[in-house]
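To start, the structure under review is shown below, and the notes come after it.
The values are calculated or read from the model by the stated rules, or taken from the named source; none is laboratory data. All values derive from a computational prediction rather than experimental measurement. A quick note on method: Cβ atoms are made from the backbone with ideal geometry, for glycine too, and the neighbour counts reach across all protein chains shown. What goes into the accessible areas is simple: the full protein's heavy atoms, side chains included, and nothing from ligands, DNA or RNA. Shrake-Rupley method; radii C 1.70, N 1.55, O 1.52, S 1.80 Å.
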Amino acid sequence: MNYAELSASIQNYSESDEPLFVANIPNFVKTAEQKIYNSTQLSYLRKNVTGVTTTNNKYVATPLDFLSVYSIAVVAPDGSYEYLLNKDVNFIRQAYPAPTDTGLPKYYALFGPTTTNADPAELTDELSLILGPTPNASYEVELHYFFYPESIVTAGTTWLGDNFDSVLFYGAMREASIFQRQEADVVANYESKYNEAMTLLRQLGDGRQRTDAYRTGQPRYAVK
């Protein structure tokens, strides 16, 4: 289902082509997407990037679409991957308090927004990580992270629309029915249909995509 089809279905089910309602359909869809993306861990929501640390600089900027870390590793001089352990900022400050505490990083923490070089400095939308110890050389860094893919509203087609349009549709219809101030039973009905679709999506994202038949055998369900 592409966005044009999704928008048409929302209007048909809601029986409304009122301009204000139609203008808010993108908001219904984006709200549903955000709820879906934070309710399951789909492989579709992972991204991988590489970068390089700066010698004697303990901070590393994250991509603009970064939300959270799945893993971060530095590549040692011998080519081996050293995966860093997540710690609090105060742990790293306490463990490596001096500027001369340098070496191959072992730990990282989410430090907070980066700042500009303006006077006074201004916060940006880009987050940064702090490493411990401070890198003593330029190391390659590989970051796997959680992000929001482009909305179907602007992309036209997405993985979710192509593969699990039911959860996207019912999620958007729930938001649309709330906007229309529908009766509680109507909202509850769309919430129920959304939850049914989410159960199937979680079976994929939190189940099938995290195992295989070789390691755990094929899933078995009780037959009534």
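Odds and ends about this structure:
- The C-beta contact set for segment 8-25 (first residue under 18 Å from Val153 (Cα atoms), second residue among the charged types (D, E, K, R) and part of a loop (DSSP other than H, G, I, E, B), distance under 7 angstrom, 6+ apart or interchain) comprises Gln11/Asp17.
- Of the residues contained in segment 111-118, one or more are found to be modelled with pLDDT under 90, hydrophobic (A, V, I, L, M, F, W, C) and either more than 27 Å from Arg46 (Cβ to Cβ) or open to solvent by 100 Å² or more (accessible area, probe 1.4 Å) (or both).
- For segment 180-197, filtered to residues that are of a type outside the set (Asp, Glu) and in contact (Cβ under 8 Å) with a residue 12 or more places away in the chain, the residue that is farthest from Thr40 (Cα to Cα) is Gln180.
- Consider segment 55-73 and keep the residues that are more than 10 Å from Leu143 (Cβ to Cβ) and of a type outside the set (S, T, N, Q). The one that is farthest from the chain's Cα centre (by Cα) is Lys58.
- Filtered residues of segment 40-61 (kept if open to solvent by 30 Å² or more (accessible area, probe 1.4 Å), in a loop (DSSP other than H, G, I, E, B) and out of contact with any helix residue (DSSP H, G or I) (no Cβ under 6 Å at 6 or more places or on another chain)): Thr54, Thr55, Asn56, Asn57, Lys58
- Scanning segment 68-86 for residues that are without any contact (Cβ under 8 Å) to a residue 60 or more places away in the chain and assigned to a strand (DSSP E or B) yields a total of 4.
- Members of segment 97-113 found to be under 17 Å from Thr53 (Cα atoms) and assigned to a loop (DSSP other than H, G, I, E, B), listed by number: Pro99, Thr100, Asp101, Leu104, Pro105, Lys106
- Being surrounded by 11 or more Cβ atoms within 10 Å (Cβ to Cβ), in a helix (DSSP H, G or I) and modelled with pLDDT under 90 is a property that holds for Gly205.
- Among the candidates Ala176, Ala137, the residue that is open to solvent by less than 50 Å² (accessible area, probe 1.4 Å) and modelled with pLDDT of 95 or more is uniquely Ala176.
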